[in-house]
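Visitor: First, the structure itself, so that you have it in front of you.
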Amino acid sequence: MDEVASGDALETGPTFSLGREFPPVADLHDEPSAASSPMARYAWVVLTVVFVAGVATTLTQYEAPPLLPVLMRWFRVDLSSASSLMSIFALTGAAVALPSGYVLRRLGPMTAGLSALAAVAMGGAMGALSTSFGVLLISRGIEGLGLGLIAVVAPTVIAQWFPPDSRGAAMGVWATWVPVGGILMFNVAPAIAG
């Protein structure tokens, strides 16, 4: 009780243990040149990598809506069936987001992030090669797995790499991943559809 009252227990701050150990938060602020530390120098590079991964995932999320008329003709399905391409993606992503914290803890951020991107790539390839609507629907579910995982991995990685005084700006940049991906896809997909 005396330790807590004197503040000794509060000085060290929390440490993170998802794949690598970081110094206590108090140590980040005690260093005279925290901005020149290796962690600070690479933090924005790490943010760029996770941001690009998030945008790539969002591109797959929004690939279906602008292509629905083409997909409906190709697979001979009605609008109700075609709209399930978005529903299955969102439902799978939401279902996977719940246990993603456990997956992240077990695999670490690097492996979990690469697994998310692998799911997106595998689902995308499967969808591009699909000759039936059922296979296309399954491929969208696989892509949704990647979305659910990357949505949890990226903020965790950002929180690990950025000290509290610059974490808000980094999270603000990350918060644009869905709109950026959506805007890109809605402008590119019609040209791809021809």
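The values are calculated or read from the model by the stated rules, or taken from the named source; none is laboratory data. Bear in mind that the values here come from a model prediction, so they are computed numbers and not experimental data. Neighbour counts run over all protein chains shown; Cβ positions are idealised from the backbone, glycine included. In case anyone asks, the SASA skips ligands and DNA or RNA and just uses the protein heavy atoms, side chains included. Shrake-Rupley method; radii C 1.70, N 1.55, O 1.52, S 1.80 Å.
Visitor: Only one of A159, A116 is within 30 Å of S80 (Cβ to Cβ) and either of a type outside the set (S, T, Y) or surrounded by fewer than 16 Cβ atoms within 10 Å (Cβ to Cβ) (or both). Can you tell me which? Write out each step before concluding.
Guide: Values: A159 fails: within 30 Å of S80 (Cβ to Cβ).
A116 is the lone residue from the list that is within 30 Å of S80 (Cβ to Cβ) and either of a type outside the set (S, T, Y) or surrounded by fewer than 16 Cβ atoms within 10 Å (Cβ to Cβ) (or both).
Visitor: Working only within the range 108-118, note down all residues that are among the polar types (S, T, N, Q) and either under 17 Å from A64 (Cβ atoms) or under 12 Å from the mean Cα position of the chain (by Cα) (or both). Outline the logic, then answer.
Guide: Filtering the range 108-118 down to residues among the polar types (S, T, N, Q) leaves 111, 115.
Selection gives S115 alone.
Visitor: Exactly one condition in (1) at pLDDT 95 or above; (2) open to solvent by 80 Å² or more (accessible area, probe 1.4 Å); (3) not in a helix (DSSP H, G or I) is false for S17; which is it?
Guide: (1)
Visitor: Let me ask something else. Of all residues in the range 119-156, count the ones that are closer than 24 Å to R106 by Cα, buried (at least 18 other Cβ atoms within 10 Å of the Cβ) and either without any contact (Cβ under 8 Å) to a residue 40 or more places away in the chain or over 13 Å from the mean Cα position of the chain (by Cα) (or both). Spell out the reasoning first.
Guide: To start, the set of residues in the range 119-156 that are closer than 24 Å to R106 by Cα comprises 119-123, 141-156.
Then keep just the ones that are buried (at least 18 other Cβ atoms within 10 Å of the Cβ); that gives 119-120, 123, 141-154, 156.
Filter again for either without any contact (Cβ under 8 Å) to a residue 40 or more places away in the chain or over 13 Å from the mean Cα position of the chain (by Cα) (or both), leaving 119, 123, 141-142.
So the answer is 4.
Visitor: Among residues belonging to the range 88-107 that are open to solvent by 60 Å² or more (accessible area, probe 1.4 Å) and of a type outside the set (A, V, I, L, M, F, W, C), point out the one that is nearest to P69 (Cα to Cα).
Guide: Applying the filter and picking the extreme gives P99.
Visitor: What residue, of V173, V157, V180, V152, is assigned to a helix (DSSP H, G or I), among the β-branched types (V, I, T) and under 16 Å from E63 (Cβ atoms)? Quick ask: steps written out before the conclusion?
Guide: Values: V173 fails: under 16 Å from E63 (Cβ atoms); V157 fails: under 16 Å from E63 (Cβ atoms); V152 fails: under 16 Å from E63 (Cβ atoms).
That would be V180, the only listed residue that is assigned to a helix (DSSP H, G or I), among the β-branched types (V, I, T) and under 16 Å from E63 (Cβ atoms).
Visitor: Quick one: what pairs do we get from the range 75-87, first residue free of Cβ contacts under 8 Å to residues at least 24 places away in the same chain, second assigned to a helix (DSSP H, G or I) and open to solvent by 60 Å² or more (accessible area, probe 1.4 Å), C-beta under 9 Å, 6+ apart or different chains?
Guide: Going by the 9 Å Cβ cut-off, the qualifying pairs are A82/P69.
Visitor: Six or more apart or on different chains, Cβ under 7 Å: which pairs go from a residue in the range 177-192 that's under 24 Å from L47 (Cα atoms) to one that's part of a helix (DSSP H, G or I) and aromatic (F, W, Y)? Could you list them?
Guide: Pairs that qualify, where the first residue is under 24 Å from L47 (Cα atoms) and the partner is part of a helix (DSSP H, G or I) and aromatic (F, W, Y), are W177/F51.
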